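Peer 1: I have a structure here, written as structure tokens, and I will follow up with some questions on it.
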Amino acid sequence: MDPRFTRDDAVRVIRNIRNDGTYPGEVTGALLVRRGSIGYVRHIGVFLQDQLIYSVHFLEAGNRIVGCRETELIPADAPWVPNRFERGDRVIARRALAIGGQVVAVIGAIGEIMAVLREPETAADYHVLFGKRLLRVPEAVLGTPTLAAPCAGNGESAR
């Protein structure tokens, strides 16, 4: 088990890190570090005898030191494209979305991000719930909603 990173290496976290109940002073599930944040390796340890855990100091994320698995980290200078939205965010369709030629979400339809699908070097795609339909949508097709945007293709106004 050779570590990929060493002490003082700059690393980027590739997924959101939430409190699993082991971070003091924060409720379980609280967002500790947002994906894309850069930190510095302070310590390398082992969990369950077969997983390397890095203590990473994230200066811009509340000056936190958080344990990260090796699979959650890439070198800070590796290619990275940040995503605009996160799970739970409300978005609008900037284009009509269709399946088999049938429009299932009109321009301006409001949806909710259910999952972020990404690779480090490409813009994100998202699983977005429009009404009762879950669609895979590229980031370029989504925007931030305004108060008067229609809901999921039915022409109603958001409240």
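Every number here is computed from the coordinates shown, using simple stated rules; none is lab data. These numbers were taken from a predicted model, which means no experiment stands behind them. Positions of Cβ are backbone-derived with ideal geometry, glycine not excepted, and every protein chain shown enters the neighbour counts.
Peer 1: How big is the range 41-82 by Rg and Dmax over its Cα atoms, in Å?
Peer 2: 11.5, 34
Peer 1: Test of understanding: what is the full-extension gain from residue 22 to residue 43, defined as 0.36 nm times their sequence separation minus their Cα-Cα distance?
Peer 2: Computed gain between residue 22 and residue 43 is 5.9 nm.
Peer 1: Moving on to the next point. Using the Cα centre as the reference, give the magnitude of the dipole from point charges on the C-beta atoms of the range 1-57 (Lys, Arg: +1; Asp, Glu: -1; all else neutral), rounded to the nearest 20 debye.
Peer 2: 260
Peer 1: Name the residue farthest towards the positive end of the dipole of the chain from the options 92, 46, 22, assuming +1 on Cβ of Lys and Arg, -1 on Cβ of Asp and Glu, about the Cα centre.
Peer 2: 92
Peer 1: Right, next: Would you mind getting me the FRET efficiency between residue 95 and residue 70? Use the beta-carbon distance for r and R0 = 30 Å, nearest 0.05.
Peer 2: Details: r = 39 Å, r/R0 = 1.29.
Result of the calculation: an efficiency of 0.20.
Peer 1: Can you pull the one-decimal nm distance between simple spin-label points at residue 57 and residue 84, each 7 Å off the Cα toward Cβ?
Peer 2: Result: 3.6 nm between the two label points.
Peer 1: Ok, one more. How high is the FRET efficiency from residue 4 to residue 122, r the C-beta distance, R0 22 Å, rounded to 0.05?
Peer 2: Given R0 = 22 Å and the Cβ-Cβ separation, E is 0.50.
Peer 1: Further question: Pull out the extension gain between residue 50 and residue 31, defined as 0.36 nm times the separation in residues minus the alpha carbon to alpha carbon distance; nm, one decimal.
Peer 2: Going from the current span to full extension adds 4.2 nm.
Peer 1: Arrange 47, 130 by Cβ neighbour counts within 10 Å, fewest through most, would you?
Peer 2: 47, 130
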